[in-house]
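The values are calculated or read from the model by the stated rules, or taken from the named source; none is laboratory data. Here the structure is a predicted model, which means the values were calculated and not measured. Neighbour counts run over all protein chains shown; Cβ positions are idealised from the backbone, glycine included.
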Amino acid sequence: MSEPFWKTKTLEEMDAAEWESLCDGCGKCCLSKLEDEDTGEIYFTSVGCRLFNSKTCRCNDYANRQSQVSDCVKLTPENVRTIAWLPSTCAYRLVAEGRDLYPWHPLISGDRNSVHKAGASVRGRVTASEADMQDPEDYFEHMLDGEP
């Protein structure tokens, strides 16, 4: 049996379908994050992007997300190596670091819902949408202790 593509290819060598399949659908990158201006430390919140569907843990308009959300970050082989807020469980980060995927990752389990069953997603943990935030100070009420 041959090795899976994420063990034999670099991120740059992956085709579009392979790249997209690395996303486990956890939704963690779609949560608002706060950065301490003095220390650069990143704090996750339980506030989802205004396009984020907290039931499915998917973007409601993935194809057009960057034109609709000005600070939406499109992950690339180059930037996944430098984005400090990527969760420690993120497959893009894991592969970039030469590590294997978690057993609950859909590419391993064969089940698109395994990330949710394992409690590794934000399903059921999003407390607000960016669309509901009137004042930047409102985000502080939704700060998490550590990674989601």
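Data for the structure
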item: PRO87 touching a strand residue (DSSP E or B) at 6+ places or on another chain (Cβ under 9 Å) and under 22 Å from THR56 (Cα atoms); result: yes
item: Single unsatisfied condition, ARG123 versus (1) charged (D, E, K, R); (2) closer than 30 Å to GLU3 by Cβ; (3) under 13 Å from the mean Cα position of the chain (by Cα); result: (2)
item: Yes/no for LEU22 being over 14 Å from the mean Cα position of the chain (by Cα) and modelled with pLDDT of 95 or more; result: no
item: Counted residues, the range 33-44 - those being farther than 11 Å from TRP85 by Cβ and part of a strand (DSSP E or B); result: 0
item: Count of residues meeting criterion [surrounded by fewer than 16 Cβ atoms within 10 Å (Cβ to Cβ), touching a Phe, Trp or Tyr at 6+ places or on another chain (Cβ under 6 Å) and over 15 Å from GLY146 (Cβ atoms)] in the range 18-44; result: 1
item: Any hit, the range 47-69, residues being among the basic types (Lys, Arg) and free of Cβ contacts under 8 Å to residues at least 12 places away in the same chain; result: no
item: The one condition in (1) part of a loop (DSSP other than H, G, I, E, B); (2) over 15 Å from the mean Cα position of the chain (by Cα); (3) exposed (fewer than 13 other Cβ atoms within 10 Å of the Cβ) that GLU12 fails to fulfil; result: (1)
item: Elements of type helices (runs of 4 or more DSSP H) contained in the range 69-146, each with 1 or more residues being crowded, with 19+ Cβ neighbours inside 10 Å and in contact with a helix residue (DSSP H, G or I) (Cβ under 9 Å, 6 or more places away or on another chain); result: 91-96, 114-117
item: Residue that is out of contact with any Cys (no Cβ under 7 Å at 6 or more places or on another chain), without any contact (Cβ under 8 Å) to a residue 40 or more places away in the chain and under 17 Å from LEU31 (Cα atoms), where the choices are GLY146, GLY119, GLY110; result: GLY119
